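Working notes for the structure below.
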Amino acid sequence: MAIIRIVRPPMLTAELYDAVNEKAGVDESPPEGLMMHTAGEVDGQWQIVDVWESEEAADRFGTERLGPAIESVMGAAPPGPPPTTIYELHRVIRP
């Protein structure tokens, strides 16, 4: 079942976001199962909104690529997961 995942990492900047994505290689090799990715600043805080084919695909990317990229860029893993909202999608329309 497709899911949407909304993540609000505290103290994320455009520079950190770009560096992590470059390290994870998402432009050259988009993650398997990713249907849509967006990111931007909302009321002074970064928000990342992804649509995934499944929660398992999202978790696999987080474990195999995103987590290591964050640790490499920041020097260590953040102290716990950021505020995240996940829910199953009833319908997805792709034009």
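The values are calculated or read from the model by the stated rules, or taken from the named source; none is laboratory data. Computed from a predicted structure; not experimentally measured. In this analysis, Cβ positions are derived from the backbone assuming ideal geometry, glycine residues included, and neighbour counts consider all displayed protein chains.
Return yes or no: is VAL51 crowded, with 16+ Cβ neighbours inside 10 Å and either assigned to a strand (DSSP E or B) or of a type in the set (Gly, Ala, Ser) (or both)?
For VAL51, the condition - crowded, with 16+ Cβ neighbours inside 10 Å and either assigned to a strand (DSSP E or B) or of a type in the set (Gly, Ala, Ser) (or both) - is met.
In region 34-43, is there at least one residue being of a type in the set (Ser, Thr, Tyr) and over 17 Å from TYR17 (Cα atoms)?
Keep residues of region 34-43 that are of a type in the set (Ser, Thr, Tyr), which gives 38.
The next check asks that each one be over 17 Å from TYR17 (Cα atoms); those that pass are none.
No; the residues of region 34-43 include none that is of a type in the set (Ser, Thr, Tyr) and over 17 Å from TYR17 (Cα atoms).
Which of the residues that make up region 1-57 are more than 17 Å from VAL92 (Cβ to Cβ), of a type outside the set (A, V, I, L, M, F, W, C) and in contact (Cβ under 8 Å) with a residue 60 or more places away in the chain?
Selection gives ARG8, PRO9, PRO10.
In region 59-93, what residues are loosely packed, with under 10 Cβ neighbours inside 10 Å and among the charged types (D, E, K, R)?
The answer is ARG91, and nothing else.
Are any residues in region 9-45 part of a loop (DSSP other than H, G, I, E, B) and surrounded by 15 or more Cβ atoms within 10 Å (Cβ to Cβ), and if so, which ones?
PRO9, LEU12, VAL26, PRO31, GLY33
Quick check on region 54-74. Is at least one of its residues outside any helix (DSSP H, G or I) and at pLDDT 95 or above? Steps first, answer last, please.
The initial filter retains those residues of region 54-74 that are outside any helix (DSSP H, G or I), namely 54.
Applying the additional criterion that residues be at pLDDT 95 or above yields 54.
Yes, region 54-74 has at least one match.
Taking PRO78, is it part of a loop (DSSP other than H, G, I, E, B), more than 26 Å from MET1 (Cβ to Cβ) and touching a residue at least 24 places away in the same chain (Cβ under 8 Å)? Please lay out each step first, then the result.
Numbers: part of a loop (DSSP other than H, G, I, E, B): yes; more than 26 Å from MET1 (Cβ to Cβ): yes; touching a residue at least 24 places away in the same chain (Cβ under 8 Å): yes.
The answer is yes for PRO78.
Those residues that are at positive phi and charged (D, E, K, R), I need them from region 1-47; list them, please.
ASP43
Specify which of the listed residues (ARG60, ARG65) is in contact with a helix residue (DSSP H, G or I) (Cβ under 6 Å, 6 or more places away or on another chain), charged (D, E, K, R) and touching a residue at least 24 places away in the same chain (Cβ under 8 Å). Even if it seems obvious, please write down each step before you answer.
Values: ARG60 fails: in contact with a helix residue (DSSP H, G or I) (Cβ under 6 Å, 6 or more places away or on another chain).
None of the others qualify; the one that does is ARG65.
Looking at (1) at pLDDT 95 or above; (2) assigned to a loop (DSSP other than H, G, I, E, B), find the lone condition where MET1 falls short.
Result: MET1 passes all but (1).
Within region 44-53, which residues are among the β-branched types (Val, Ile, Thr) and either within 14 Å of TYR17 (Cα to Cα) or at pLDDT below 95 (or both)? Working first, answer last.
Within region 44-53, the subset among the β-branched types (Val, Ile, Thr) is 48-49, 51.
Correct list: ILE48, VAL49.
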